[in-house]
Amino acid sequence: MKKIIELKGITKEFGGQIVLRGIDLDIFENEFVTLLGPSGCGKTTTLRIIGGFVDPSQGEVLFNGVDMKNVPPHKRPTNTVFQRYALFPHLDVFENVAFGLRLKKDSNDKRSKKEKEQDIVDKVTKYLNMVGLKGFENRNIHKLSGGQQQRVAIARALINEPQVLLLDEPLAALDLKLRQEMQYELKEIQRNAGITFIFVTHDQEEALTMSDKIVVMNDGEIQQIGTPVDIYNEPINQFVASFIGESNLIEGVMKDDYLIHFDDKDYVCVDKGFKKNEVVDVVLRPEDLDIVSPEEGFINGVVDSVVFKGVHYEIDVKTSHRTYTIHTTDFHEEGKEVSIIFTPEDIHVMEKW
Ligand code: ATP
């Protein structure tokens, strides 16, 4: 895959406040990349630096190997879809999408007016089809739902065929059902358009659903880069584990390279190269744990609460050290004495965060 964007040692200060602390990131052709992290971690600033709306304090942004210093947004091979997409209320759907093409003046373009107009019609039709708005050409913007307006904004941003589309929480204003629908559609649009999408969100589910690659950020730094499966199954630290999916977070000490001690017991775990006596973080995912009778399991406790979640029960088991959360399809009554079991593979051991 061809590398399109390189961020090298990007830092950003706003009036003495450091908001990005050395961001290194490579983005490739045709990728759906999501910048994910809590509010204020620097996602939008990173996106704006890529788009050329904000200059980095230090570091370089390269597009196709070329330094973008002093290259303004409209000269970069990018286009942006913002959360509050400003469509033109006095223009219909067709003209809103065609706007960017009509704006383009190219003195070397020797085609007749008719040929140019046909090209505009062809392209608008292509991108309206792609975002599922075929037949909406003459609709008034006011007569569209929020989701349809968002699709118009995406078609309008795609029509100039940028190499990279930057999307800053474009689904945040939509209600949950529509947002979930649009997640699948956006991924489909990205595949069909064959261009790179860089998507900003603080919603882990959105990131897991759509991305080829997730960049998890916290406090101006990248914590982990990986596929959704990698990030979920192999979180690099407790921050990533707690931000993506649910977790039981525990501190442990290595007794040997494959033996870990927590909550007063030793457990066999997978050898990840940690040294004897090293203090480590442990993550146990609720869906990896099971509830059995007191004599069958490792950690005994009492069922503290039971919540029905549709596909599973979320059960809190109170032990002498902590409360464990467990997802299981079996019902267990509150107050019941139980025990928790798991396999060595379920114990995710990681460096102390
Ligand atoms: P959110 O999800 O809330 O949008 P974010 O991860 O996108 O958060 P940024 O918008 O990049 O975070 O902001 C990172 C930090 O930089 C915040 O503390 C913010 O207040 C600060 N910041 C962003 N833009 C400016 C600016 N123009 N002037 C001063 N501070 C800014």
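FYI, it's all coordinate maths here, none of it is from the lab. Keep in mind the model is a prediction, meaning the values are calculated, not measured.
Points worth noting:
- Relative contact order of the stretch 277-353, taken over Cα pairs closer than 8 Å and 6 or more residues apart, is 44 percent.
- Computed [θ] at 222 nm, deg cm²/dmol, the chain (DSSP H ≥ 4; -39,500 (n - 2.57); rounded to nearest 500): -7500 deg cm²/dmol
- DSSP beta bridges in the chain [antiparallel fraction, %, rounded to 5]: 75
- For the stretch 3-238, radius of gyration divided by Kirkwood radius, i.e. Rg to Rh on alpha-carbons: 0.98
- Segment Asp26-Lys143, extension gain: residue separation times 0.36 nm, minus the distance between their alpha carbons: 38.0 nm
- Couplings for the stretch 221-235, taken from phi via the Karplus curve 6.51 cos²θ - 1.76 cosθ + 1.60 with θ = phi - 60°, read 10, 7, 8, 7, 10, x, 6, x, 5, 4, 5, 6, 7, 10, x Hz in order; Gly and Pro are left as x.
- Amide H contacts of Thr80 (H built 1.01 Å from N, in plane; Pro and chain starts excluded): Leu166 sit under 5 Å, all sequence-distant by 5 or more or on other chains.
- In order along the stretch 272-282, phi translates into HN-Hα couplings of 10, x, 7, 8, 4, 6, 5, 7, 10, 9, 10 Hz, rounded to whole numbers, per the Karplus curve 6.51 cos²θ - 1.76 cosθ + 1.60 with θ = phi - 60° and x for Gly and Pro.
- Between the stretch 289-303 and the stretch 190-259, the alpha-carbon center distance in angstrom: 29
- Placed amide H near Glu31: partners under 5 Å, 5+ positions off or other chain: Thr196, Phe197
- Normalised contact order of the stretch 3-238, rounded percent, pairs of Cα under 8 Å and 6 or more residues apart: 30
- Annotation: aspartates and glutamates with alpha-carbon distance below 19 angstrom to Lys143 (same-chain offsets under eight excluded): Asp92, Glu95, Asp175.
- Compactness check for the stretch 246-351: Cα Rg over 2.2 N^0.38 Å is 1.08.
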